[in-house]
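Q: Starting off with a structure, shown below.
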Amino acid sequence: MKILIAPDSFKESLEALDVCHAIQAGFSQVFPDADYKLLPMADGGEGTSAVLSYVLGGRWKEVRVHDPLMRPISAKYVLLPDATAIIEIAQACGLHLLTAAERNPVIASSYGVGELIADALDEGVKRIIIGLGGSATNDAGLGMLTALGMTFYDSDENILAQGGGSLSSLQRLEATSFHAGVLETVFEVACDVTNPLYGELGASAIFGPQKGASPQQVNDLDQALHHFAAICEQHGYQDYQKISGAGAAGGLGYALMSFCQAELKSGFDTVAKVTNLSQHIADADLVITGEGKLDAQSAMGKVAGGISQVAKASHTPVIAICGSVDSLEPAQSSQFDVIMPSIQKLESIDSIFKNAYRNIETTAANIAAAIKLGQSIK
């Protein structure tokens, strides 16, 4: 029996590869001779670099960059053997890099993202896969573009300060020093956010408050994004401000499309393509996936829902092992042949996270035992 184990991470408890090992440990108690293929998965967000590095044999490179408040930090990205780099923007401008008191999208910068991209370009890569998500910024990529050599001026010919608040002062931009490697490189952006750049559903309105913006700041930042995009369009850059995903990561989606000719794709679809997921599923007799919480959002671009769709298309049975199950419609439940929560008993959330590996292993062993029992019953 060929078993493909392809889960997402269990947030705050286990990385995707650890979940793979826990499931294999449980199934191996019942089917020790099965042919197991471990394929940890991600949806383009946190953990994507680690997953692709494991699957594709990449190496990590650590770089000194600037955090959202322009403080020096160490960040890392993955270099693959085929001249591809994988960059998670949260490494350099993530909300997790700031304390609650430090959150302020008016001044937070994506400069460090540009430094990571520039380093990858200097390494000679020809393709960059970028995971958008978890940013502290609302600067439409101003910082990233500045680090890549763009220069932005106000009406007095002063260079703009970093942060989303300065976008409203933009009058002119200069691209003569823009990194030459950008236009020679394919940018693929893994993005599950569909928000436009500005407006009621834009970056500022939807994500600004969680990044520390007050209601007045949300309004000011939204207008600043609109102004920035209008000036860029006047300078000949294509108008992507209303395109789905332009508002991702505080407008980094817009900047990557407008200045780097990036293509925005579903995060799961991007990872699935790079890892050749469909072929792995077609070769398997059984697929086991999972994530920390299986709910209505799981069918909307998340790993478990994506796995189930691919598996159903190839008529391969699929089992989901998760921490908990919540609010699934019958149509969503029917995507899986089996859905099994792994929490074994009521206990504190800290204990649940601590015992996640053991709980998943136990659940996997019980599912395997049920499969074996079914095989023996005639």
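Q: Return yes or no: is residue 44 within 21 Å of the chain's Cα centre (by Cα), open to solvent by 10 Å² or more (accessible area, probe 1.4 Å) and either hydrophobic (A, V, I, L, M, F, W, C) or farther than 30 Å from residue 374 by Cα (or both)?
A: On the way: within 21 Å of the chain's Cα centre (by Cα): yes; open to solvent by 10 Å² or more (accessible area, probe 1.4 Å): no; either hydrophobic (A, V, I, L, M, F, W, C) or farther than 30 Å from residue 374 by Cα (or both): yes.
Against the criterion (within 21 Å of the chain's Cα centre (by Cα), open to solvent by 10 Å² or more (accessible area, probe 1.4 Å) and either hydrophobic (A, V, I, L, M, F, W, C) or farther than 30 Å from residue 374 by Cα (or both)), residue 44 does not qualify.
Q: Here is a further query. Of (1) assigned to a helix (DSSP H, G or I); (2) open to solvent by less than 30 Å² (accessible area, probe 1.4 Å); (3) in contact with a Pro (Cβ under 8 Å, 6 or more places away or on another chain), residue 55 satisfies all except one. Which?
A: (2)
Q: Quick check on residue 134: is it in contact with a Gly (Cβ under 9 Å, 6 or more places away or on another chain) and open to solvent by less than 10 Å² (accessible area, probe 1.4 Å)? Don't jump to the end; show me each part of the working.
A: Values: in contact with a Gly (Cβ under 9 Å, 6 or more places away or on another chain): yes; open to solvent by less than 10 Å² (accessible area, probe 1.4 Å): no.
For residue 134, the condition - in contact with a Gly (Cβ under 9 Å, 6 or more places away or on another chain) and open to solvent by less than 10 Å² (accessible area, probe 1.4 Å) - is not met.
Q: Would you please name the residue that is most open to solvent (accessible area, probe 1.4 Å), looking only at residues in the stretch 264-283 that are hydroxyl-bearing (Ser, Thr, Tyr) and in a helix (DSSP H, G or I)? First the steps, then the outcome.
A: Step one: of the stretch 264-283, the residues hydroxyl-bearing (Ser, Thr, Tyr) are 266, 270, 275, 278.
Still in the list and also in a helix (DSSP H, G or I): 270, 278.
On the way: 270: 7, 278: 72 Å².
Among them, the one singled out is 278.
Q: Is it fair to say residue 12 is part of a loop (DSSP other than H, G, I, E, B), open to solvent by 60 Å² or more (accessible area, probe 1.4 Å), among the acidic types (Asp, Glu) and on the phi > 0 side of the Ramachandran plot?
A: Judged against the criteria, residue 12 is a match.
Q: Could I ask something else about it? Within the set of pairs 6+ apart or on separate chains, which have a first residue in the stretch 336-358 that is of a type in the set (Lys, Arg), a second that is surrounded by 15 or more Cβ atoms within 10 Å (Cβ to Cβ), and C-beta atoms under 8 Å apart?
A: Listed by first residue and then by second, the contacts come to 354/13; 358/22.
Q: Okay, next question. When you scan the stretch 296-371 for helices (runs of 4 or more DSSP H) that lie fully inside it, which ones turn up with 2 or more residues that are open to solvent by less than 10 Å² (accessible area, probe 1.4 Å), in contact with a strand residue (DSSP E or B) (Cβ under 7 Å, 6 or more places away or on another chain) and modelled with pLDDT of 90 or more?
A: It comes to 303-313.
Q: May I pose another question? Condition test on residue 30, is it of a type in the set (A, V, I, L, M), open to solvent by less than 40 Å² (accessible area, probe 1.4 Å) and within 27 Å of residue 119 (Cα to Cα)? Even if it seems obvious, please write down each step before you answer.
A: On the way: of a type in the set (A, V, I, L, M): yes; open to solvent by less than 40 Å² (accessible area, probe 1.4 Å): yes; within 27 Å of residue 119 (Cα to Cα): no.
The answer is no for residue 30.
Q: So residue 20 ticks every box in (1) without any contact (Cβ under 8 Å) to a residue 60 or more places away in the chain; (2) assigned to a helix (DSSP H, G or I); (3) open to solvent by less than 10 Å² (accessible area, probe 1.4 Å); (4) in contact with a helix residue (DSSP H, G or I) (Cβ under 8 Å, 6 or more places away or on another chain) but one. Which box is left unticked?
A: For residue 20, the exception is condition (4).
Q: Of all the residues that make up the stretch 167-201, how many are outside any strand (DSSP E or B), farther than 18 Å from residue 145 by Cβ and small (Gly, Ala, Ser)?
A: Adding up the residues that qualify gives 1.
Q: Which ones in the stretch 1-58 are within 20 Å of residue 319 (Cβ to Cβ) and among the hydroxyl-bearing types (Ser, Thr, Tyr)?
A: Once the filter is applied, which keeps residues that are within 20 Å of residue 319 (Cβ to Cβ) and among the hydroxyl-bearing types (Ser, Thr, Tyr), the stretch 1-58 yields 9, 13, 28, 36.
Q: List the pairs whose first member sits in the stretch 148-166 and is assigned to a loop (DSSP other than H, G, I, E, B), whose second member is open to solvent by 50 Å² or more (accessible area, probe 1.4 Å) and acidic (Asp, Glu), and whose Cβ atoms are under 9 Å apart, counting only residues at least 6 apart or on separate chains?
A: Final answer for the pair search is 150/174.
Q: Here's another thing I want to ask about it. Of the residues that sit in the stretch 202-240 and are over 25 Å from residue 43 (Cβ atoms) and not in a helix (DSSP H, G or I), which one is most open to solvent (accessible area, probe 1.4 Å)?
A: Just the residues of the stretch 202-240 that are over 25 Å from residue 43 (Cβ atoms), to begin with: 212-239.
Keeping just the survivors that are not in a helix (DSSP H, G or I) gives 212-214, 235-239.
Working: 212: 35, 213: 13, 214: 47, 235: 72, 236: 68, 237: 52, 238: 113, 239: 70 Å².
For the stretch 202-240, the residue satisfying everything is 238.
Q: Tally up the residues in the stretch 96-110 that are open to solvent by 50 Å² or more (accessible area, probe 1.4 Å) and more than 19 Å from the chain's Cα centre (by Cα), please.
A: Result for the stretch 96-110: 6.
Q: Checking residue 62 against (1) over 15 Å from residue 255 (Cα atoms); (2) touching a Gly at 6+ places or on another chain (Cβ under 9 Å); (3) modelled with pLDDT of 95 or more: exactly one of these is not met. Which one?
A: For residue 62, the failing item is (2).
Q: When you look at residue 179, is it surrounded by fewer than 24 Cβ atoms within 10 Å (Cβ to Cβ) and modelled with pLDDT under 95, yes or no?
A: no
Q: Is one or more of the residues making up the stretch 75-84 open to solvent by 60 Å² or more (accessible area, probe 1.4 Å), more than 28 Å from residue 272 (Cα to Cα) and without any contact (Cβ under 8 Å) to a residue 60 or more places away in the chain? Reasoning before the result, please.
A: Taking the stretch 75-84 first, the residues open to solvent by 60 Å² or more (accessible area, probe 1.4 Å) are 76, 81-82.
Cutting the leftovers down to more than 28 Å from residue 272 (Cα to Cα) gives us none.
Scanning the stretch 75-84, I find no residue that is open to solvent by 60 Å² or more (accessible area, probe 1.4 Å), more than 28 Å from residue 272 (Cα to Cα) and without any contact (Cβ under 8 Å) to a residue 60 or more places away in the chain, so the answer is no.
The values are calculated or read from the model by the stated rules, or taken from the named source; none is laboratory data. Keep in mind it's a predicted model, so treat the numbers as computed, not measured. Backbone-built Cβ (ideal geometry, glycine too); neighbour counts: all protein chains shown. Accessible surface areas use protein heavy atoms only, side chains included; no ligands, DNA or RNA. Shrake-Rupley method; radii C 1.70, N 1.55, O 1.52, S 1.80 Å.
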